[in-house]
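Have a look at the structure below before the remarks.
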Amino acid sequence: MQAPEQDEIKKLKKKIQKLEKRNSEIRDEMAIQRTIFANERTLMAYFRTAIALIAGGFAAIKFSQLVYMELIGLTLLPIGVLLAVYSFVRYLNRQQLIKRHRQDYEPTSQHHEELYEKQSSRYGNAD
């Protein structure tokens with residue numbers, strides 16, 4: 001192979017490495033966003049279940065003339081309310097945890113660039 005072709009191949013490899021580093025950080029940021037959305041979906045699932053319990057309890061109280069159905073309804077209402085409160089508290093705790101992890105996260109591409117420059121300067125390679 002000729003020297004100009006080898007130089008071009010080296011430049012392309014370096015360019016690809018830089019792009020891969022940038023893409024890995026984009027993937028990391030997207031993973032954080034997916035985690036946030038998953039937390040929100042979990043909250044909505046809990047709320048949906050809590051609303052179903054409350055509605056079932058209300059229906060059992062209002063539309064039944066049997067005593068045991070009223071007791072079941074009176075049991076379902078507080079369970080639904082407690083589930084809604086629990087889900088919201090759990091959501092807030094997870095959001096704070098995600099926020100702390102996000103603050104601790106530090107992109108690494110700048111460090112990779114600095115390291116690469118230091119290593120290449122040690123060997124006399126200047127690009």
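Read-outs throughout are calculated quantities, based only on the coordinates presented, and are distinct from any laboratory measurement. These figures come from a predicted structure and were not determined experimentally. Please note: Cβ atoms are built from the backbone with ideal geometry, for glycine as well, and neighbour counts cover all protein chains shown.
Points to keep in mind about this one:
- Calculated P(r) tail over 20 Å for segment 1-76, as whole % of Cα pairs: 66 percent
- Label-point separation, Glu5 to Phe47 (7 Å along Cα→Cβ), nm: 6.3 nm
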